[in-house]
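> Sharing a structure below in structure tokens format, with a few things to ask.
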Amino acid sequence: APRLDDLQCAFSTLKGFLAAKAGKSLPVCAVFDNEEGGSGTRQGAASTFLYDVLRRICPAEEDYLQALASSFLLSCDNAHAVHPNHPEYADPENRVVLNGGVVLKFNAGQKYTTDGISEAYVKYLCKKEGIPVQSYANRSDMGGGSTLGNIATTRVSVSSADVGLPQLAMHSSYETAGAEDIDSLVKAMTAFYSKTLTVENGEYGI
């Protein structure tokens, strides 16, 4: 089907958001128009839209800053699986496959927001729920894609990780993905939205 990138993650995230149990944290599901190409629009990821909404929810300056300090953002956007016709385009040590589970994405140039702390948080959460996780990094000698995580965090500075679902033929009219991976991300997002995140002395707890 076309446009699995990124309707697949938008669907899975919304399903998890709606299925989550109420916790002490305030869950927020943000789906931006125009994706990367139009992030500079007034409703895009580079706009003040997310910041403005959060400030209306929490108008007191100190309360807002304290809430951000114990917040976590998951940026969800599909990832390139190893293509059977062109395996040479994939990093030899970081290969993801269809129906292999949620993809945790890394980029040395910071196009993805995952770091050591956010990686540990996502892997711990998924391990507790029995959700398979794969790691993705593009070849260091080839330019990779980007996503909205590092754009949104310039407006709302929170700890963040980039995740997604593996697919083939991204941006074509017949993108291909695994049905089992949708279930994995729905479960991961349900667990994520159900947890109460705490941060104390730089240590995360759920």
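The values are calculated or read from the model by the stated rules, or taken from the named source; none is laboratory data. Given the structure is predicted, the values throughout are model-derived calculations rather than measurements. Don't worry about glycine lacking a Cβ; one is built from the backbone with ideal geometry, like all the others, and counts go over all protein chains shown. Accessible surface areas use protein heavy atoms only, side chains included; no ligands, DNA or RNA. Shrake-Rupley method; radii C 1.70, N 1.55, O 1.52, S 1.80 Å.
> Between residue 99 and residue 26, what is the label-point separation in nm under the 7 Å Cα-to-beta-carbon projection?
4.2 nm
> Still on this structure, please answer the following. State to the nearest 20 debye the size of the charge dipole of the stretch 1-85 about its Cα centre, where the only charges are +1 on K and R beta carbons and -1 on D and E beta carbons. Mind showing how you got there, number by number?
Numbers: 7 positive and 10 negative charges, 72 e Å.
For this selection, approximately 340 debye.
> Could I ask something else about it? Report, by chain and number, residues whose modeled amide H sits under 5 Å from the one on residue 134, excluding near sequence neighbours (fewer than 5 apart, same chain).
Distant-sequence amide H within range of residue 134: 102, 103, 104.
> Given Cα pairs under 8 Å that are at least 6 residues apart, what percent is the relative contact order of the chain? Could you put the intermediate results ahead of the total?
On the way: 370 pairs, mean separation 72.1, N = 206.
With pairs under 8 Å counted, the relative contact order is 35 percent.
> Could I have the simple spin-label model distance between residue 139 and residue 157, label points 7 Å from Cα toward Cβ, reported in nm to one decimal?
Result for the modelled spin labels: 3.7 nm.
> Only bridges whose two residues both fall in the stretch 96-171 count here: according to DSSP, what percent of them are antiparallel, nearest 5? Mind dumping the intermediate values first?
Working: 3 of 8 bridges.
Antiparallel: roughly 40 percent of the beta bridges in the stretch 96-171.
> Identify all lysines with a Cα-Cα distance to residue 24 below 16 Å; exclude those on the same chain that are fewer than 8 residues away in sequence.
Here the lysines satisfying the reach criterion relative to residue 24 are 195.
> To continue, here is another question. Relative to the Cα centre, what is the charge dipole magnitude of the chain, using +1 at the beta carbon of each Lys and Arg, -1 at the beta carbon of each Asp and Glu, and rounding to the nearest 20 debye?
Values: 17 positive and 24 negative charges, 100 e Å.
Using Cβ point charges on Lys, Arg, Asp and Glu, the chain gives about 480 debye.
> Checking the cross-link filter: which aspartates and glutamates have an alpha carbon closer than 18 Å to that of residue 111, excluding same-chain neighbours under 8 positions apart?
Straight-line reach from residue 111, under 18 Å: 5, 6, 35, 36, 77, 91, 119, 141, 162.
> Dipole of the chain (Lys/Arg Cβ +1, Asp/Glu Cβ -1, origin at the Cα centre): which of 64, 120, 177 lies farthest to the positive side?
64
> Calculated FRET efficiency, residue 51 and residue 110, Cβ-Cβ r, R0 30 Å, to nearest 0.05?
The pair residue 51/residue 110 has a calculated efficiency of 0.90.
> Still on this structure, I have one more. Antiparallel as a % of all DSSP beta bridges within the chain, to the nearest 5? Intermediate results must be reported in sequence, preceding the final value.
On the way: 8 of 20 bridges.
Counting DSSP beta bridges with both partners in the chain, the antiparallel share is about 40 percent.
> Then there's this: Cα centroids of the stretch 128-206 and the stretch 1-39: how far apart, whole angstrom?
One Cα centre to the other: 11 Å.
> Give the accessible surface of the chain per residue, rounded to a whole number of Å², with probe radius 1.4 Å and ligands, DNA and RNA excluded.
54 Å²
> Now for a separate question. Tell me, what HN-Hα J-couplings in whole Hz come from the Karplus equation 6.51 cos²θ - 1.76 cosθ + 1.60 at θ = phi - 60° for each residue of the stretch 102-113, using x for Gly and Pro?
For the stretch 102-113, the Karplus curve yields 4, 9, 9, 9, 10, 8, 5, x, 6, 6, 10, 8 Hz.
> Here's another thing I want to ask about it. Give me the extension gain from residue 129 to residue 64: residue separation times 0.36 nm, minus the current Cα-Cα distance, reported in nm with one decimal.
Gain on stretching residue 129 to residue 64: 20.4 nm.
> Here is a follow-up. Heavy atoms only, probe 1.4 Å: what % of the accessible area of the stretch 28-103 goes to carbon and sulfur, would you let me know?
Working: 2300 of 4390 Å².
Carbon and sulfur atoms account for 52 percent of the accessible area of the stretch 28-103.
> How big is the chain in terms of Cα radius of gyration and Dmax, in angstroms?
My reading of the Cα-based Rg and Dmax gives 16.7, 55 Å.
> Using a 10 Å Cβ count of at most 16 others and DSSP loop calls, identify the longest part of the chain lacking such trypsin sites (Lys or Arg not before Pro).
Details: sites that count: 3, 21, 24, 42, 139, 155.
Within the chain, the longest run free of exposed trypsin sites (Lys or Arg not before Pro) spans 43-138.
> Suppose every K and R has +1 on its Cβ and every D and E has -1 on its Cβ; what is the size of the dipole of the stretch 23-129 about the Cα centre, in Debye to the nearest 20? Could the numbers behind the result be given before it?
Details: 10 positive and 14 negative charges, 60 e Å.
Dipole size: approximately 280 debye.
> Loop only per DSSP, at most 14 neighbouring Cβ atoms within 10 Å: give me the chymotrypsin sites (Phe, Trp or Tyr not before Pro) in the stretch 132-192, ordered by residue number.
Values: sites: 136, 174, 192; in loops: 174.
In loop regions of the stretch 132-192 (DSSP not H, G, I, E or B), the sparsely surrounded chymotrypsin sites (Phe, Trp or Tyr not before Pro) are 174.
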